[in-house]
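Chemist: Below you will find the structure I want to go over with you.
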Amino acid sequence: MFSPDHGPRLFGLAPGIDFARELVAGLRARMEGQPPEAMARVELIVNTGRMRRRIEEAFAEGPPGFLPRMRLLDAPVDPVAEADLPAPVSPLRRRLELTRLVSGLLEAQPDLAPKAALFDLADSLAALMDEMQIEGVPPEALSRLDVSDMSGHWARALRFLTIVQGYFDADSAPDAACLQRRIVDARIAAWQAAPPDHPVVVAGSTGSRGTTLRLMAAVARLPQGAVVLPGFDTDMPRHVWDQLLDAERRTDRTQPGEDHPQYRFARLLDALGAAPQDVMRWTDATPPAPARNRLVSLALRPAPVTDQWLEEGPSLGPLAEATDRVTLVEAATRREEAMAIALRLRQAAEDGVRAALVTPDRQLSRMVTAALDRWEIVPDDSAGVPGHLSPPGRLLRHVAALYPVPLSAEALIEVLRHPLTHRGDDTARHGLWRQELDLFLRGTRRPEGAPPGPHPFPNAEVLRAWGVAVGAEAWAGWIADTFCQPPVGGLRPLEDWVADHVARTEAVVAGTAADDPSELWAEEAGRTLRAAVDALAREADAGAPLDARTYSELFTGILQRAEVRRTEDAHPLIRIWGTLEARAMGADLMILGGLNDGSWPEIPAADPWLNRRMRADTGLLLPERRIGLSAHDFQQAVAGSEVWLTRAQTADEAETVPSRWVNRLANLMRGLGAQGGPEALKAMQARGARWLDMARALEEPIATRPAPRPSPVPPVDARPKKLSVTRIKTLLRDPYAIYAQSVLRLRPLDPLQRPPDALLRGIALHGVVERFVSETVDTPEALTPERLMAAAEAGLAEVPFPAIRRLWATRLARVSRGFVTDEAERRRRAQPHPDRLEVKGRVDLQGQPFTLTGTADRIDIDERGGAWVYDYKTGAPPTQKQERHFDKQLLLEAAMLMRGAFPDLAPRHVAGLVYIGLGSKAGEAALDLDEVSPEQIWDEFARLIAAMRAEDHGFTARRAMEEDSHGGDYDHLSRLGEWEVTDTPETERVE
């Protein structure tokens with residue numbers, strides 16, 4: 001195949017050339033005139049399985065013939081020899097083994113990292129071990145590091161790394177990286193002893209890893225060996241190549257050239273003693289845009305570049321030709337960027353153009369996929385959906401989250417709502433019962449015979465009783481058996497966790513009348529996760545015993561690494577690739593998305609084991625390596641036939657920084673005025689602005705007239721005929737809420753898990769005080785702060801928040817002594833004792849079909865027959881003016897009392913109206929009855945009700961709110977936000 005010579009044999013293909021297609025063309029050209037079977041003797045070593053498939057597709061395009069023997073770089077050995085090699089330890093097993101070691105480390109040194117970082121630390125440690133194997137760095141190199149002048153963290157990390165030294169022993173079971181290094185070393189030794197007489201070609205690799213670099217150098221020196229480099233920059237002059245190598249030889253631990261896209265090739269040339277001009281062209285193919293390649297090559301020169309731009313920039317010629325098929329999209333937001341990309345991909349699908357979005361930003365790719373869904377276009381996404389976000393993955397995570405904590409109503413309903421739950425039985429009946437159970441747990445609906453709600457933490461007894469009450473015994477029994485299990489405490493072996501977790505999830509899927517959980521593992525997502533879970537079960541004996549919460553986090557980490565692809569319904573022309581996949585593939589339209597620093601290139605991940613200096617001293621790779629690989633990916637992708645460069649100017653409510661490569665390209669073009677650079681850049685931006693305008697037009701809402709401030713006028717007969725004294729305040733401040741509740745019969749849905757808000761605090765502390773007062777009526781000597789706190793301990797036990805119970809009890813303890821002192825005075829006034837607690841009353845309004853109801857917290861009668869009406873307040877009690885004009889609760893209760901509204905109470909007069917503070921404003925707050933009397937308030941109340949029942953009366957939204965920031969339950973119904981409280985209400989008769 002190759003002419004005999006003594007130098008290393010290197011070939012290259014320029015950026016933008018379809019590498020796989022031209023590789024095949026070059027092989028066929030060199031094998032021309034030889035018998036057909038000669039191709040089968042060629043040994044072709046490629047970098048990825050995707051590249052191998054692309055080469056097979058290129059061969060399949062014809063003419064017919066034999067395929068070469070293809071190997072992968074991570075296993076460059078023939079199948080017969082591979083059968084004699086030991087099987088490598090699976091990556092999952094190695095990470096589980098390291099999880100056990102890291103778990104012990106965190107127990108001994110809890111300040112190193114939180115327990116939640118267990119699997120991430122094991123993963124980063126496994127990556128470090130792989131890198132040490134690949135780069136040929138023995139553990140002894142770490143032990144020789146001097147960290148005496150560094151933080152104690154690094155010394156602890158180095159001591160821990162000695163634990164993994166056994167994995168590097170020659171007789172230890174090899175992992176994939178170790179096995180690859182051994183295979184490469186063995187092949188190189190065999191070639192040196194007996195060079196092969198058949199062609200050996202390494203193609204598609206940049207040589208970024210130490211093991212790969214050694215293999216490529218060895219193949220290049222073989223008599224019939226060759227290396228074909230992808231994206232080799234033939235436009236870069238010799239002095240720049242020398243600059244890259246000079247940077248490597250610096251002694252200050254910095255390597256400025258390593259972030260350059262051609263640095264890997266420079267290192268290979270240096271290892272072979274070759275020069276850039278020694279790299280021959282593999283074929284005569286030219287890139288789609290040679291002028292653009294020269295422009296990008298100059299823009300990406302290693303710093304300092306300004307003098308090179310000034311010197312070589314004029315030689316580029318007119319830049320309009322180089323950039324006439326380049327579009328620059330600078331969107332305001334990531335959503336706008338995704339929408340513009342989706343519109344262009346849709347156009348490509350209509351025109352029959354092969355198009356690909358290339359981005360490392362998975363959030364952007366998911367947003368583009370979602371935007372394409374409106375046109376029913378499913379892109380072929382090489383990364384797919386992370387397993388933990390797929391339907392079976394979400395269900396498995398929900399079930400795993402049940403183990404550490406008691407079953408809550410929120411968690412139960414969340415699992416019952418999942419589309420895979422109860423798939424083995426009648427799903428329609430399941431949906432009906434689920435809705436009924438949801439309302440029961442909230443306390444909104446109580447079937448006869450069922451225990452009263454709400455039930456924020458349901459148990460088996462409550463669920464079974466509800467099932468009997470509604471005729472769903474079997475369904476409720478299935479829930480009780482499957483979900484009502486106590487929290488799992490302590491440590492359990494990983495294999496027990498996996499087995500129990502899978503069995504419980506399958507029971508959730510199977511439902512009541514079936515034992516077939518196959519729906520969990522159906523379709524592509526189920527099959528992918530089944531393989532991941534089986535692998536975890538297979539290797540579970542290597543893992544450390546875990547508690548419930550750590551197991552849930554570890555399991556989620558496992559699922560995140562599983563990729564679920566939708567290949568069945570993917571569009572044949574529209575693809576989404578990561579930067580690695582784009583190296584092997586080609587498309588007519590390349591969209592380079594997410595071009596912001598931190599996204600492309602990505603921010604290097606933090607290394608918890610070695611800092612930058614320690615890496616440099618041991619010969620490990622520095623963070624610039626990843627940036628250089630991203631730069632090479634950019635240089636290859638931007639050389640395509642038609643190219644889009646897209647970025648968002650803001651992300652996560654913060655300004656972004658353009659990718660350094662886009663920034664350099666733009667700065668170079670702005671400085672080349674004689675070549676039309678500024679005009680060419682503006683043309684690129686104008687093409688992008690056109691698509692952004694279309695994206696904004698697509699997203700722009702239809703112009704509609706804002707809703708007016710409502711003031712509905714319902715029929716008089718439909719208006720409320722009964723209200724409680726606490727709702728009179730709402731009638732005055734927000735009449736629309738009364739309309740929605742009493743006329744439309746709408747009620748806010750109670751939460752499944754009531755938050756520990758002011759309402760719950762008021763209910764709980766009211767119960768505590770009522771219990772304390774009633775228990776001490778006949779035992780005045782028990783009127784002590786200690787007895788009050790005992791009542792609080794019993795009453796607050798029903799609050800399902802331990803920390804909140806302690807907080808509320810502490811606050812009550814601060815006011816307990818003052819409360820008891822005031823209570824003794826109240827007892828002295830009451831005759832014979834305060835036995836009127838939680839007194840319910842009602843009274844009809846004369847002349848109107850209206851009834852006022854109320855429940856007084858407490859009414860005492862003194863020795864002169866005067867009534868003392870009390871109301872407990874956990875918040876701030878209303879002021880005299882608030883009570884006079886809006887709240888009116890105590891004043892109305894006093895007026896009701898004088899009209900016989902409360903049974904068995906007929907006081908001569910009202911002696912006092914008092915708010916008893918239980919919160920920050922403790923003590924008594926009495927109303928001044930000389931300023932306003934209950935009779936006056938009653939007259940005003942009668943006029944209020946008469947006005948409410950007037951024919952043209954409207955129930956105005958937010959008529960007189962205490963503060964604009966106060967929200968209401970029906971603000972969304974009144975379309976608040978489309979109108980302001982300063983707007984004039986618009987009355988509208990409703991029927």
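The values are calculated or read from the model by the stated rules, or taken from the named source; none is laboratory data. This one's a predicted model, so the numbers in the text were calculated from it and none came from an experiment. Note that we place each Cβ from the backbone using ideal geometry, even for glycine, and neighbour counts take in every protein chain shown.
Chemist: For the range 284-380, list the helices (runs of 4 or more DSSP H) that sit wholly inside it and hold at least 2 residues that are in the same structural domain as Ala637 (by TED's automatic domain parsing) and either aromatic (Phe, Trp, Tyr) or touching a strand residue (DSSP E or B) at 6+ places or on another chain (Cβ under 9 Å) (or both); which are they?
Modeler: Counting at least 2 such residues, we get 334-351, 362-372.
Chemist: I'd like the full set of residues that are surrounded by 18 or more Cβ atoms within 10 Å (Cβ to Cβ), outside any helix (DSSP H, G or I) and at pLDDT 90 or above, limited to the range 874-902.
Modeler: Across the range 874-902, the qualifying residues are Ala901, Phe902.
Chemist: While we're looking at this one, here's another question. Could you check, for the range 647-667, whether at least one of its residues is buried (at least 18 other Cβ atoms within 10 Å of the Cβ) and hydroxyl-bearing (Ser, Thr, Tyr)?
Modeler: Scanning the range 647-667 turns up at least one residue that is buried (at least 18 other Cβ atoms within 10 Å of the Cβ) and hydroxyl-bearing (Ser, Thr, Tyr).
Chemist: Looking at Val815, Val843, can you tell me which residue is crowded, with 17+ Cβ neighbours inside 10 Å, assigned by TED's automatic domain parsing to the domain that holds Ile937, assigned to a helix (DSSP H, G or I) and at negative phi?
Modeler: None of the other options fit; the residue is Val815.
Chemist: Out of (1) surrounded by fewer than 21 Cβ atoms within 10 Å (Cβ to Cβ); (2) over 30 Å from Asp633 (Cα atoms); (3) touching a residue at least 60 places away in the same chain (Cβ under 8 Å), what's the single condition that is false for Leu142?
Modeler: Status for Leu142: all satisfied but (1).
Chemist: Could you check the range 552-561 and list, in sequence order, the residues that are touching a His at 6+ places or on another chain (Cβ under 8 Å) and either buried (at least 17 other Cβ atoms within 10 Å of the Cβ) or without any contact (Cβ under 8 Å) to a residue 24 or more places away in the chain (or both)?
Modeler: Correct list: Phe555, Thr556, Leu559.
Chemist: What are the residues in the range 667-720 that are among the small types (Gly, Ala, Ser) and more than 30 Å from Val981 (Cβ to Cβ), if any?
Modeler: Gly671, Gly673, Ala674, Gly676, Gly677, Ala680, Ala683, Ala686, Gly688, Ala689, Ala695, Ala697
Chemist: Of these, Arg264, Arg334, which one is crowded, with 19+ Cβ neighbours inside 10 Å, under 37 Å from the mean Cα position of the chain (by Cα), under 18 Å from Pro658 (Cβ atoms) and in contact (Cβ under 8 Å) with a residue 24 or more places away in the chain?
Modeler: Arg334
Chemist: Among residues belonging to the range 156-177 that are more than 34 Å from the chain's Cα centre (by Cα) and closer than 14 Å to Leu105 by Cα, point out the one that is surrounded by the most Cβ atoms within 10 Å (Cβ to Cβ).
Modeler: Applying the filter and picking the extreme gives Ile163.
Chemist: Continuing with the same structure: Among Thr48, Thr99, which is the only one that is under 30 Å from Ala537 (Cα atoms), touching a strand residue (DSSP E or B) at 6+ places or on another chain (Cβ under 9 Å) and not assigned by TED's automatic domain parsing to the domain that holds Thr283? Walk me through how you get there before you give the answer.
Modeler: Details: Thr48 fails: not assigned by TED's automatic domain parsing to the domain that holds Thr283.
Sole residue among the options that is under 30 Å from Ala537 (Cα atoms), touching a strand residue (DSSP E or B) at 6+ places or on another chain (Cβ under 9 Å) and not assigned by TED's automatic domain parsing to the domain that holds Thr283: Thr99.
Chemist: Considering only the range 158-204, state which residues are farther than 22 Å from Ala40 by Cα and in a loop (DSSP other than H, G, I, E, B).
Modeler: Passing the criteria: Asp169, Ala170, Asp171, Ser172, Ala173, Pro174.
Chemist: Just to be sure, is Arg943 out of contact with any Asp or Glu (no Cβ under 8 Å at 6 or more places or on another chain) and free of Cβ contacts under 8 Å to residues at least 40 places away in the same chain?
Modeler: Here the answer is yes, as Arg943 does meet what is asked.
Chemist: Any idea which of (1) farther than 23 Å from Ala116 by Cβ; (2) surrounded by 20 or more Cβ atoms within 10 Å (Cβ to Cβ); (3) of a type outside the set (A, V, I, L, M) is the one Trp521 doesn't satisfy?
Modeler: Answer for Trp521: the failing condition is (2).
Chemist: Now for a separate question. When you look at Pro76, is it farther than 27 Å from Arg264 by Cα and touching a Leu at 6+ places or on another chain (Cβ under 8 Å), yes or no?
Modeler: So Pro76 does not fit the description; no.
Chemist: From the list Thr730, Thr704, which one is farther than 26 Å from Glu838 by Cα, of a type in the set (Val, Ile, Thr) and out of contact with any His (no Cβ under 9 Å at 6 or more places or on another chain)?
Modeler: Step by step, each of Thr730, Thr704 is checked, and only Thr704 is farther than 26 Å from Glu838 by Cα, of a type in the set (Val, Ile, Thr) and out of contact with any His (no Cβ under 9 Å at 6 or more places or on another chain).
Chemist: Here's another thing I want to ask about it. For the range 427-461, how many residues are outside any loop (DSSP other than H, G, I, E, B) and closer than 27 Å to Ala514 by Cβ? Can you show your working first?
Modeler: Keep residues of the range 427-461 that are outside any loop (DSSP other than H, G, I, E, B), which gives 427-442, 460-461.
Keeping just the survivors that are closer than 27 Å to Ala514 by Cβ gives 427-441, 460-461.
Total meeting the criteria: 17.
Chemist: Which pairs do you get when a residue that is farther than 13 Å from Lys873 by Cα, found in the range 751-774, comes within reach of a residue that is surrounded by fewer than 17 Cβ atoms within 10 Å (Cβ to Cβ) and modelled with pLDDT of 90 or more, reach meaning Cβ atoms under 7 angstrom, with the pair 6+ apart or on two chains?
Modeler: Qualifying pairs under 7 Å: Leu752/Glu410; Gln753/Glu410.
Chemist: Sticking with this structure for a sec: Hey, among Thr206, Thr211, which residue is more than 12 Å from Leu268 (Cβ to Cβ) and under 45 Å from the mean Cα position of the chain (by Cα)? Working first, answer last.
Modeler: Numbers: Thr206 fails: more than 12 Å from Leu268 (Cβ to Cβ).
Checking each option against the conditions leaves just Thr211.
Chemist: Of all residues in the range 282-303 being farther than 17 Å from Val638 by Cβ and within 40 Å of the chain's Cα centre (by Cα), which is surrounded by the fewest Cβ atoms within 10 Å (Cβ to Cβ)?
Modeler: Ala303
Chemist: Here's another thing I want to ask about it. Quick one: count up the residues across the range 903-927 that are of a type in the set (A, V, I, L, M, F, W, C) and in a strand (DSSP E or B).
Modeler: 7
Chemist: A further question follows. So, in the range 381-414, exactly how many residues are farther than 20 Å from Ala525 by Cβ and either without any contact (Cβ under 8 Å) to a residue 24 or more places away in the chain or in a helix (DSSP H, G or I) (or both)? Steps first, answer last, please.
Modeler: Step one: of the range 381-414, the residues farther than 20 Å from Ala525 by Cβ are 402-413.
After this cut, where a residue has to be either without any contact (Cβ under 8 Å) to a residue 24 or more places away in the chain or in a helix (DSSP H, G or I) (or both) as well, the list is 409-413.
Final tally of qualifying residues: 5.
Chemist: Within the set of pairs 6+ apart or on separate chains, which have a first residue in the range 693-714 that is surrounded by 13 or more Cβ atoms within 10 Å (Cβ to Cβ), a second that is modelled with pLDDT under 90, and C-beta atoms under 9 Å apart?
Modeler: Pro714/Glu991
Chemist: Against the condition farther than 27 Å from Leu944 by Cα, within 53 Å of the chain's Cα centre (by Cα) and surrounded by fewer than 20 Cβ atoms within 10 Å (Cβ to Cβ), how does Gly865 come out, does it pass?
Modeler: Considered against the rule, which asks whether it is farther than 27 Å from Leu944 by Cα, within 53 Å of the chain's Cα centre (by Cα) and surrounded by fewer than 20 Cβ atoms within 10 Å (Cβ to Cβ), Gly865 comes out as no.
Chemist: For Asp515, all conditions in the list (1) under 25 Å from the mean Cα position of the chain (by Cα); (2) not in a helix (DSSP H, G or I) hold save one; what is the number of the exception?
Modeler: (1) is the only condition that Asp515 fails.
Every residue, every condition in (1) of a type in the set (Ser, Thr, Tyr); (2) closer than 18 Å to Ile728 by Cα; (3) touching a residue at least 40 places away in the same chain (Cβ under 8 Å); (4) touching a Ser or Thr at 6+ places or on another chain (Cβ under 6 Å), yes or no:
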site	(1), (2), (3), (4)
Leu890	no, yes, no, no
Ala895	no, yes, yes, no
Ser920	yes, no, yes, no
Ala926	no, no, no, no
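Chemist: Hey, can you tell me all the residues within the range 762-812 that are more than 29 Å from Gln831 (Cα to Cα) and assigned to a loop (DSSP other than H, G, I, E, B)? Working first, answer last.
Modeler: Taking the range 762-812 first, the residues more than 29 Å from Gln831 (Cα to Cα) are 793, 796-811.
Matches in the range 762-812: Ala797, Glu798, Val799, Pro800, Phe801.
Chemist: Another one. Mind counting the residues in the range 403-419 that are modelled with pLDDT under 95 and buried (at least 22 other Cβ atoms within 10 Å of the Cβ)?
Modeler: 1
Chemist: Got a number for residues in the range 746-779 being over 25 Å from Tyr736 (Cβ atoms) and either of a type in the set (Asp, Glu) or outside the structural domain of Ile916 (by TED's automatic domain parsing) (or both)?
Modeler: So the answer is 3.
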